[in-house]
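A.B. asks: One structure coming up, written as structure tokens, with questions to follow.
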Amino acid sequence: MPCIPAAASAMASCSTSSKPLWPSSSSLGRFSFSSSSNPAVSCSLSNNQSTSQLCTAQSLSSPDSREVVTIGRRELLLGGVASSLILGVGNSAEAYTQVEVGAFLPPAEGNPNYVQFVASPKDTPALRAGNVKPYKFILPPAWKPVRVANILSGNYCQPKCAEPWVEVKFENAKEGTVQVVVSPMVRLTNKANASIEEIGPPEKIISALGPFVTGNSFDPDEVLETSVEKKGDLTYYNYQLETPFALTGAHNLAAATASGNVVLLFVVSASDKQWASSQDLLRTVLESFSA
């Protein structure tokens, strides 16, 4: 989690000691801030501290000079959003993204060209909180996990988040990206533990969650195909979208289902170039998703 200095006006770099979501994710903890023109700031935060945060500032030019400042939890949270956008905290874990999933995930049963990912409590805050039940899908072995920024992971609001969050994300530069987005049930219906059919038809679900497929806006005219599929006890709404202005890519596939008190949205995205060479692979990945 990024730290906010008492008085910092210049651009800076932040580092956090919390672990990435793969293989595990830590909750709020100790973090530090430093820049070439500002003091280094070291902070400690525990879940039991409900109001404020103590930071010790140490001048880079004068190591013996220290100053203790108090920063509110709300300011830290808001600062995390700004730092993620300005400093790219969510994309800074280079070592994290170097490991291909084939190095640590088992081969998919019946499909040796892919590996099997099964989400567990060590992977995401929502699974640890018991707010989401395990889900699974297959991936090509050369894909890599992408670190989800803490502010986007739902870590701060579990188990009662009001807005959707990103569970996990994987990508391959030549083939595409997949991510699991989870929406609280109350955002779509007042009925607890509703099935996706009880929430509404496929058009209602994609209208509500479409922006989380594209990364920005949603246009119903961009939906090329919709289908309904039954897997076990759950019903899945499947979508194919052509989204030329989407941040996620010009081509998006999505599968949505309801489980417990959440709606899970599995999104497979690709650019024109990725889609041209990997369309069949991406469809296979989408079809493998189950909750």
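A.B. asks: Place a point 7 Å from the Cα of Asn193 along the Cα-to-Cβ direction; which residues of the range 210-240 have their backbone N under 20 Å from it?
C.D. replies: Within reach of a label on Asn193: 231-236.
A.B. asks: Same structure, new question: Take peptides 131-140, 151-160 and line them up by average Cβ neighbours within 10 Å, highest first, as a rough protection proxy.
C.D. replies: In descending order of packing, they fall as 131-140, 151-160.
A.B. asks: Would you work out the relative contact order for the range 96-287, in percent, from Cα pairs under 8 angstrom that are 6 or more residues apart?
C.D. replies: Relative contact order for the range 96-287 comes out at 18 percent.
A.B. asks: Among the DSSP beta bridges whose two residues both lie in the range 96-287, what percent are antiparallel, rounded to the nearest 5?
C.D. replies: 100
A.B. asks: Here's another thing I want to ask about it. What does the charge count near Val285 come to, summing +1 for each Lys or Arg and -1 for each Asp or Glu among other residues with Cβ under 12 Å from its Cβ?
C.D. replies: -2
A.B. asks: Enumerate the amide H contacts of Thr235 below 5 Å, restricted to partners 5 or more residues apart or on another chain; note that Pro and chain-start residues carry no placed amide H.
C.D. replies: Correct list: Ile196, Ala258.
FYI, it's all coordinate maths here, none of it is from the lab. Please read all numbers here as calculations on a predicted model, not as lab measurements. In this analysis, Cβ positions are derived from the backbone assuming ideal geometry, glycine residues included, and neighbour counts consider all displayed protein chains.
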